[in-house]
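Below is one structure; the comments refer to it alone.
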Amino acid sequence: MNNLTRRMINSLAEDILNIYDIPVPIQNMEEIVEKLGGTIQREVSFSDGTVERNGDGFKIILSLFQDEKRERFTIAHELGHLFLHMGYRINEKLWEGQDNNIYHRTGNSEREYQANEFAAAFLMPANRYLEVLKSLAVGNKVDTSKIAEFFNVSVEAASNRGKFLGYLKW
């Protein structure tokens, strides 16, 4: 994914947070999904999550075999597919063609990377991430587990976000 695409995805995630008045850190992902017009269903599944059109709204189907942090990221990832690839509330023509499309959280395609970028930006917006990082830093060091705790994500997700934003070293 190039930097222009990454910036566009981050901007879209922040716009959605602002338009729908979603406070960060996000406390309850199910409430956010409902606020956006969707529902969540849990079932035994081969994939962490899927998203599909459901009438005028959408449905996210989650695997029962995820811990809370993984589930939060999966939901945000599926929201990435919803907005970026399905055109939900952004591109009516694209959205109208989604009746039989189901997006699975599997593989390493460009779309999966984009949905992951959206999820990270949605759960950990760049400006908020930097504020938290600065508040926790001691000199030029920071405990990424404390950043992860603040955003209620895995340490790996918090660390990767900081690296992709250029705030942490690879």
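So which residues in the stretch 33-56 are aliphatic (A, V, I, L, M) and free of Cβ contacts under 8 Å to residues at least 40 places away in the same chain?
Within the stretch 33-56, Ile40, Val44 qualify.
Does the stretch 61-94 hold any residues that are under 18 Å from Ala13 (Cα atoms) and either more than 16 Å from the chain's Cα centre (by Cα) or not in a helix (DSSP H, G or I) (or both), and which are they?
Met86, Gly87, Tyr88, Arg89, Ile90, Asn91
Exactly one condition in (1) out of contact with any helix residue (DSSP H, G or I) (no Cβ under 7 Å at 6 or more places or on another chain); (2) farther than 15 Å from Phe122 by Cβ; (3) modelled with pLDDT of 95 or more is not met by Asp15; state its number.
Asp15 satisfies every listed condition except (2).
Just wondering, is there one or more residues in the stretch 62-81 that are loosely packed, with under 14 Cβ neighbours inside 10 Å, free of Cβ contacts under 8 Å to residues at least 40 places away in the same chain and on the phi > 0 side of the Ramachandran plot?
The answer is no, given that none of the residues of the stretch 62-81 is loosely packed, with under 14 Cβ neighbours inside 10 Å, free of Cβ contacts under 8 Å to residues at least 40 places away in the same chain and on the phi > 0 side of the Ramachandran plot.
Looking only at the stretch 46-98, filter to residues that are aromatic (Phe, Trp, Tyr) and under 20 Å from Gln114 (Cα atoms); which one of those is modelled with the lowest pLDDT?
Trp95
The values are calculated or read from the model by the stated rules, or taken from the named source; none is laboratory data. What you see is a predicted model, and the numbers here were worked out from it, not measured in a lab. Here the Cβ is made from the backbone with ideal geometry for all residues, glycine too, and neighbour counts use every protein chain on show.
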